[in-house]
There are 2 protein chains.
Amino acid sequence: MTQKDLASLRVNRDRLMGDLHYTCQWGPGEQWGDAATETGMSRLALSDTDKQARDWFVETTESLGCSVTVDSMGNTFAVRPGLKEGPPTYAGSHMDTQPTGGRYDGILGVTAAVEMLRTLNDNWVETEYPVGVVNWTNEEGARFPISMVSSGVWAEEIPLERAHELKEVGGGSATMKTELERIGYLGTTPASYKHVPMAAHFELHIEQGPILEAEQRKIGVVQGVQAYRWFTIEVKGRDCHTGTTSFAHRADALLAASKMILYSHRAASRVGALASTGILTLKPGSTNTVPGTVRFSLDLRAPKDSVVEEVEKACKSAFSAIATGEDVDGLNKDCTPSNRQCSVSWTTDSVSPATNFHDDCIGCVTEAAADLFGADATKLTKRMVSGAGHDSVYTSKRVPTSMVFIPCRDGVSHNPAEYSTPEDCAIGAQVLMGAVVRYDRLRAERGA
Amino acid sequence: MTQKDLASLRVNRDRLMGDLHYTCQWGPGEQWGDAATETGMSRLALSDTDKQARDWFVETTESLGCSVTVDSMGNTFAVRPGLKEGPPTYAGSHMDTQPTGGRYDGILGVTAAVEMLRTLNDNWVETEYPVGVVNWTNEEGARFPISMVSSGVWAEEIPLERAHELKEVGGGSATMKTELERIGYLGTTPASYKHVPMAAHFELHIEQGPILEAEQRKIGVVQGVQAYRWFTIEVKGRDCHTGTTSFAHRADALLAASKMILYSHRAASRVGALASTGILTLKPGSTNTVPGTVRFSLDLRAPKDSVVEEVEKACKSAFSAIATGEDVDGLNKDCTPSNRQCSVSWTTDSVSPATNFHDDCIGCVTEAAADLFGADATKLTKRMVSGAGHDSVYTSKRVPTSMVFIPCRDGVSHNPAEYSTPEDCAIGAQVLMGAVVRYDRLRAERGA
């Protein structure tokens, strides 16, 4: 087939949505909110319903002519042969969900890759090299508490033993290894990029944010994943009676924390980063007692590591000053100075450097979108950085990688109300297939 | 005795501290912190240890020549006869404590009043009218959840039935009435100022705040109790992913709440009021999810009702503006504007108007302090407003009332580390007795 013929291949929207909703019969969550036609999902990794979804994946891809390999993390690789031997160009994602998740996060990426296989078969397309579809295990980290753990083992960034010994959350005794055995997905192939090589990895995913929808764009061409650092901040002041202690004698840990949270937002705003506090606890917790201790989380993100570091540095300096009562940034305007100080301490919980996807893959996604949109490509496409982590972060450490984002309603994800239109799902699947086929052709042109 | 002779009467410090620590044998709490010589208290109202303390009070005051009356709330009135008939001038407080309370809050006021009886007896003082000592029931509201409930019934501000039916916190089935019966303190005299009249009520108490200590003063002459209002504020935004949602698309309930808490401090500072947040909870509570809901308490206080109302009004207006993203007071400096808004709603949990004590009683406390301090009286005495509620709030609704405050270490109270020096306790007892005796003489002079 010519490049022009390949660009005119079209996925089947209804068949794609059929597969997506068919696989959602295993692990449906409860009805939620106003999503009248949609039901959330609760398919925890390596559960009985996850096994059912995996069985469907194996049977379906085998029926489409693929050979299937299961590795020692349960990652499942289905390979459709090409004209030549060599590592396949993969499309993939995951079929596990959050406990109160939606139908699109992960599931769309796998079913769109299966739709790619169906479309290639229907059109008798022979790719130059093999094409693969992968279903990664426990991407969510919801049941076994490390996100993207199995692509991490494949990339040799996480030791197999550590992953196998991960216990399920909530105090149960099951581990990843015992559950892989129980459901029959503890494969004999070592989970490693050395044993299951890839030429490249493409992943279709809902954006999980509101940008595409707000800008009325249809495709996000993902350049990489932003850096993030997680911290726990503890502010220590002094408990005291709200009625008997004047402002001048207080060390109010919550007032200080409030200034810090506001400051972190300002500091991040100044450099185009993100700062968020999602957890805040205080002691002792009584209406008439000024809190003596406040602990809060701080999640800093930016596309560049240096920007995250800059915000961290600014916050560290400002928080110390705020704790001791110095005026930072005009926050103390009209506040009563106190003769007591708070103290502040930081714990670093997580450091995740920025990920940059591969120019070749980014180029293939861009061109696949252009094939579909034609003259509207610039208007409908957006280069963007993923805010959340994905299995593609780990594959990008070993092979060229990029991702395709589509809009999701109100930016909602990890929630049963998660929703993308069938049209947008099909557009995403179309661009995913186009990118894989273009990458395959690129390899052939380069003779690699 | 002449006024001069009366002014030269002295309480006995060691005997006072002996009584105080003797009665603390019933309900001692665990050792706590660095208070090497002190142990906290845990004597909940109408418990077995409260009964033991009450028995001591009855036996001791009867042995000092008093007649004792127990009313239908267990309030216990010990009366030492005077030269004439008439309602007694009372000193009193309470012997129940917080679950992890100290040895001084309440207990000092009762034992100092007993020390007054001992001193009057030792010196063969005959007062013009009877002098009384009262131990009020369940002032703390820690076991039965209304503070100052029994002086409230006495003042006919709280219905007897409502008080009797109060259930203990924590899900037990005991009520105030069943527990009064069980420990033998359900008296037959109706709990009412009409059946147990008082001429006046004086109360010695630790300050429970840091002002006297910080200013190196020894006696607070309490002018009244400040007004307060308690609110619960709920801020509703929208949960979203911290990594995938730009600031421009967020409705961050915690960022809004942080601005509100800071604003409330500024608004109170501007008019000499107090604003405090002691409770804050949020949902859903995950490092990588922006909170969609935050609830926090707001405790506003000021000596004048109008000032509390002013701060409330300012906060109500500002919180609404903050929720919708308006810049209030420069708080939005360098913040990223958002196209999503939060909403805010208020619940009023409690409204307590300002209490003004009686000029005659305030005068007696002032003069009693002057008798003791002489030329240093101005330096060592401070006119002040109580930040916390006391039984004196309810007595002041029916009879002339004032209070005497002494310093406590670091302003700490409701805590086992609560501490006042024996010297300061004795000074407080001395001023309490002086005020009672002066009030008694005042009544005689006025022929009332």
For this session: Scan around B:Cys408 for amide H atoms under 5 Å from its own, H built in the peptide plane at 1.01 Å from N, and keep only partners 5 or more places away or cross-chain.
Result: B:Glu207, B:Gln208, B:Gly209, B:Glu213
Exercise. Where the centroid of each part is defined by its Cα atoms, how far is the range B:262-283 from the range A:388-409 in Å?
Worked result: 44
Problem set entry | Shortest-first nm distances, B:Val58 label point to equivalent points in other copies (7 Å, Cα→Cβ) | 8.0
Problem set entry | Largest to smallest accessible area among B:Lys382, B:Lys84, B:Lys4, A:Lys379 [probe 1.4 Å] | B:Lys4, A:Lys379, B:Lys84, B:Lys382
Exercise. Which whole number gives the average, over all residues in B:204-214, of C-beta atoms from other chains lying within 10 Å of the residue C-beta?
Worked result: 3
For this session: Quantify, in whole percent, the carbon and sulfur part of the accessible surface of the range B:48-164 (1.4 Å probe; protein heavy atoms only).
Result: 47
Problem set entry | Whole-Hz ³J(HN,Hα) from phi, Karplus 6.51 cos²θ - 1.76 cosθ + 1.60, for the range A:62-68, glycine and proline x | 5, 5, 8, x, 8, 9, 10
For this session: Please report the relative contact order for the range A:227-352, taking Cα pairs under 8 Å with a sequence separation of at least 6, and give it as a percent rounded to a whole number.
Result: 42
For this session: Could you tell me which chymotrypsin sites (Phe, Trp or Tyr not before Pro) in the range B:56-141 are loop residues by DSSP with no more than 10 other beta carbons within 10 angstrom of their beta carbon?
Result: B:Trp124
Exercise. Any idea of the accessible area per residue across the range B:308-409, 1.4 Å probe, to the nearest Å²?
Worked result: 45
Exercise. Karplus couplings for the range A:359-364 from phi (6.51 cos²θ - 1.76 cosθ + 1.60, θ = phi - 60°), rounded to Hz, Gly and Pro as x?
Worked result: 4, 4, 5, 4, x, 5
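For chains A and B, what's the summed buried accessible area, probe 1.4 Å, to the nearest 100 square angstrom?
Details: alone 19020 and 19080 Å², together 32970 Å².
Answer for the A-B pair: about 5100 Å² buried.
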For this session: Calculate the mean, over all residues of peptide B:253-264, of how many other protein chain Cβ atoms lie within 10 angstrom of the residue's Cβ.
Result: 5
Problem set entry | Candidate lysines - alpha carbon under 28 Å from B:Lys4, same-chain residues fewer than 8 apart omitted | B:Lys84, B:Lys218, B:Lys379, B:Lys382
Exercise. Taking amide hydrogens as modeled 1.01 Å from N in the peptide plane, which residues meet the under 5 Å criterion relative to A:His201, leaving out close sequence neighbours?
Worked result: A:Tyr90, A:Thr401, A:Ser402
Seminar exercise, completed: Output ordering of A:206-214, B:65-73 (per-residue mean of other Cβ within 10 Å, highest first) is A:206-214, B:65-73
For this session: Working from Cα positions, state the angle (0 to 90°, nearest 10) between the long axis of helix B:107-122 and the longest principal axis of chain B.
Result: 10
Exercise. What is the P(r) of the range B:227-352, as percent of Cα-Cα pairs per 10 Å bin from 0?
Worked result: 14, 44, 30, 11, 1
Exercise. If the limit is 25 Å between Cα atoms, which of B:Lys236/B:Lys333; B:Lys51/B:Lys177; A:Lys283/B:Lys333; A:Lys167/A:Lys283; A:Lys259/A:Lys313; A:Lys236/A:Lys333 go over it?
Worked result: A:Lys283/B:Lys333; A:Lys167/A:Lys283
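In the range A:162-264, what trypsin sites (Lys or Arg not before Pro) fall in a loop by DSSP, with at most 12 other Cβ atoms inside 10 Å? Each step should come with its number before you reach the end.
Numbers: sites: A:Arg162, A:Lys167, A:Lys177, A:Arg182, A:Lys194, A:Arg217, A:Lys218, A:Arg229, A:Lys236, A:Arg238, A:Arg250, A:Lys259; in loops: A:Lys194, A:Arg217, A:Lys218, A:Arg238, A:Arg250.
Qualifying residues, ordered by number: A:Lys194.
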For this session: Mind listing the long-range amide H neighbours of A:Met73? Cut-off is under 5 Å, sequence gap 5 or more, other chains count too, H placed in the peptide plane at 1.01 Å from N.
Result: A:Gly187, A:Ala191
Exercise. Ignoring ligands, DNA and RNA, what percent of the accessible area of the range B:227-352 is carbon or sulfur (1.4 Å)?
Worked result: 47
Problem set entry | Leading residue at positive end of dipole, chain A (Cβ point charges), from A:Val308, A:Gly40, A:Ala321 | A:Ala321
Problem set entry | Derived scalar couplings ³J(HN,Hα) [the range B:148-165; Karplus, 6.51 cos²θ - 1.76 cosθ + 1.60; whole Hz; x for Gly, Pro] | 6, 5, 7, 5, x, 5, 3, 7, 6, 9, 10, x, 4, 4, 4, 5, 4, 8
Problem set entry | Reduction of at least 30 Å² in accessible surface, 1.4 Å probe, comparing all protein chains with the chain by itself, residues of the range A:273-295 | A:Leu274, A:Ser276, A:Thr277, A:Gly278, A:Ile279, A:Leu280, A:Leu282, A:Thr287, A:Asn288
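Please state the equivalent ellipsoid semi-axes for the protein assembly as shown: what are the square roots of 5 times the Cα gyration tensor eigenvalues, largest first, in whole Å?
Working: eigenvalues 1081, 137, 92 Å².
For the protein assembly as shown, the ellipsoid semi-axes come out as 74, 26, 21 Å.
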For this session: Please give the per residue accessible area of the range B:62-213, computed with a probe of 1.4 Å over protein heavy atoms only, in Å².
Result: 33
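The values are calculated or read from the model by the stated rules, or taken from the named source; none is laboratory data. Every value quoted in this text rests on a predicted model; they were computed, and no experiment measured them. Ideal geometry is used to build each Cβ from the backbone, glycine not excepted, and the neighbour counts take in all protein chains shown. Surface areas here come from the heavy atoms of the whole protein model, side chains and all, with no ligands, DNA or RNA. Shrake-Rupley method; radii C 1.70, N 1.55, O 1.52, S 1.80 Å.
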